[in-house]
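Nothing in this text is a laboratory measurement; each read-out follows from the coordinates by a stated rule. The shown structure was predicted, so the numbers you read here are calculated from the model rather than taken from an experiment. When we count neighbours, we look across all protein chains shown, and the Cβ atoms used for this are built from the backbone with ideal geometry, even at glycine.
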Ligand SMILES: Cc1cc2nc3c(=O)[nH]c(=O)nc-3n(C[C@H](O)[C@H](O)[C@H](O)COP(=O)(O)OP(=O)(O)OC[C@H]3O[C@@H](n4cnc5c(N)ncnc54)[C@H](O)[C@@H]3O)c2cc1C
């Protein structure tokens, strides 16, 4: 008989994990506490799909090339479904800054191709494919309530042998996957099962996200006159292509920066957005949403292997439930998908060995994905410190190296740096590894020595404060 896996959470990474495990022969039951099933069309998904379990559901989302590469390799049916639902093929090479002396195409630029869409459309594609996958059963409106513990696989460590659902049913499983997102209560459940506490760190860098979606009036995507993520004064400005002639714009201030709380108002938000010369023309579309605010976004990371020993076996956290960060670099889905593949591969290499499974999963996660978490955490902290300094009228501390920022600034002046920046942005190569490429630091030093780093023109903080009021 096929082994059974219960996946808790039908977000994108839970669904991707379910498909991958079913393809490997598992019978997979997905539990999702939200009731609504996946709508058939992009428009229905955008307008009607209620997903209370995912606060960011209608917030800004953009998929990077790493996501597309993983779909090509592991889930081509999902890539095809995103395309059928109107997903947009996009290569950020087509948006290289005008300031670059050489903007011609190069061999290898095809690695930057991606397919992207608004989040409800992406998730509809994943859910439709999961529903069509043999051996995947999705139970919507049914949550995971409690872990069920059985005989230990390792002395003194609780071993999960199933789950109790919110409907009171007990489902036995050889493996439980926690894909319950950034608000997963796994740590509490492990404690309730008598396990030692997992390692956990969490902090809020303090950014707020104000997103709004637009549809093209003429079928054209606005021209890129700057990078699609630009830091100007104390705001980050995002211009993101999306599906079906739509795009998403977002402004990201510090959550505690009082004047900018007014950005939740459509008119105030538009006035501020219009003040950025490289991005103002993106407002020339039909709005398909009001401003969608979101704050309280934690950077949180956990491990179930503490001091070399598993605190629990039989359950593995994947995607945001393992680690989540501020989304200004838009990495969550790409890294979550990579994590689902790590989980599938760990299962392949440790059949019938729950202790080996969790240790392998932890080791490979640490080697391949934790460095991305650390990089994002570091960048969030640096950016928050720079913003706070400007808000308080102090000189920002430039002494701490921020590899991602150096690449972002250098990308407007040097075609080689621009590709390095895109490699990091697309989650293909860590920023620190890009910096270590032969000649890269010299190039960046040359750019930095030029009169003034070629930053984008834009309003000062005081001008933005005057505009938003
Ligand atoms: C404002 C914002 C913008 C973002 N922008 C981007 C972006 O541009 N690009 C990008 O790649 N990523 C982005 N992200 C990150 C991305 O949204 C997450 O990485 C992604 O949602 C993770 O998917 P997941 O399946 O792990 O978790 P989730 O999507 O959070 O799904 C978790 C699921 O578990 C369900 N659930 C919870 N508890 C239970 C329970 N007890 N029983 C059963 N089900 C349960 C929930 O209802 C939900 O459906 C953004 C995040 C935020 C906050």
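Under the criterion of Cα pairs below 8 Å and six or more residues apart, the relative contact order for segment 141-257 equals 18 percent.
Measuring r between the beta carbons of residue 258 and residue 98 and using R0 = 30 Å, the FRET efficiency lands at 0.25.
Placing one identical point scatterer on every Cα of segment 153-283 and ignoring solvent, what is log10 I(q)/I(0) from the Debye formula at q = 0.22 Å⁻¹? Calculated log10 I(q)/I(0) at the listed q: -1.32.
If I take all pairs of Cα atoms in segment 1-95, what percentage of them are more than 19 Å from each other? Value for segment 1-95 (Cα pairs over 19 Å): 53 percent. With a simple spin-label model that places each label point 7 Å from the Cα along the Cα-to-Cβ direction, the separation between residue 44 and residue 442 comes to 6.0 nm.
Per-peptide packing, taken as the mean over residues of other Cβ atoms within 10 Å, places 235-248, 145-158 in the sequence 235-248, 145-158 from highest down. For the peptides 294-305, 52-63, residues were scored by their other Cβ atoms within 10 Å and the scores averaged per peptide; the highest-first order is 52-63, 294-305. Using the Cα gyration tensor of segment 252-352, with a ≥ b ≥ c the square roots of its eigenvalues, what is the shape: rounded (a/c below 1.5), prolate (a/b larger than b/c) or oblate (neither)? Prolate. When each of the peptides 342-349, 390-397 is scored by the mean number of other C-beta atoms lying within 10 Å of its residues, the order from highest to lowest reads 342-349, 390-397. The Cα atoms of segment 367-436 give a gyration tensor whose axes a ≥ b ≥ c have a/c of 1.5 or more with a/b no greater than b/c, which makes the shape oblate. Structural descriptor for segment 10-140: relative contact order 44 percent, calculated from alpha carbon pairs under 8 angstrom and at least 6 residues apart. Please report how far the C-alpha centroid of segment 224-290 lies from that of segment 373-441, rounded to the nearest whole angstrom. The two parts, judged by their Cα centres, are 21 Å apart. For segment 1-160, the mean projected area of the C-alpha convex hull, equal to one quarter of the hull surface, is 13.4 nm². When the convex hull of its Cα atoms is viewed from all sides, segment 66-212 shows a mean projected area of 14.5 nm².
Working note: Cα gyration tensor of the chain, eigenvalues times five, square-rooted, sorted largest first, giving semi-axes of 38, 24, 22 Å.
All C-alpha pair distances within segment 331-469, sorted into 10 Å bins from zero, spread as 10, 29, 29, 19, 9, 4, 0 percent across the bins.
Determine, from the Cβ-Cβ distance of residue 449 and residue 1 and an R0 of 60 Å, the FRET efficiency 1/(1 + (r/R0)^6), rounded to the nearest 0.05. Calculated transfer efficiency: 0.35. Where both bridge residues fall in segment 1-159, DSSP classifies roughly 35% of the beta bridges as antiparallel. Within the chain, antiparallel bridges make up roughly 70 percent of the DSSP beta bridges whose residues both belong there. Helix 65-74 versus the longest principal axis of the chain: what angle, 0 to 90°, nearest 10, using Cα atoms? Tilt relative to the chain: about 30 degrees.
Placing a label point 7 Å from the Cα of residue 106 along the Cα-to-Cβ direction, no residue of segment 62-77 has a backbone N closer than 11 Å. Annotation: extensible slack from residue 469 through residue 72 equals 138.2 nm (criterion: 0.36 nm per residue apart, minus Cα-Cα distance). Considering only the Cα atoms of segment 143-204, their convex hull presents on average a projected area of 4.8 nm². For segment 339-398, the Kirkwood hydrodynamic radius comes to 14.0 Å, computed from all pairs of different C-alpha atoms. Note on residue 217 and residue 392: with the Förster distance fixed at 41 Å, the Cβ-Cβ geometry gives a FRET efficiency of about 0.45. Dividing the mean sequence gap of close Cα pairs (under 8 Å, 6+ apart) by how many residues the chain holds gives a relative contact order of 19 percent.
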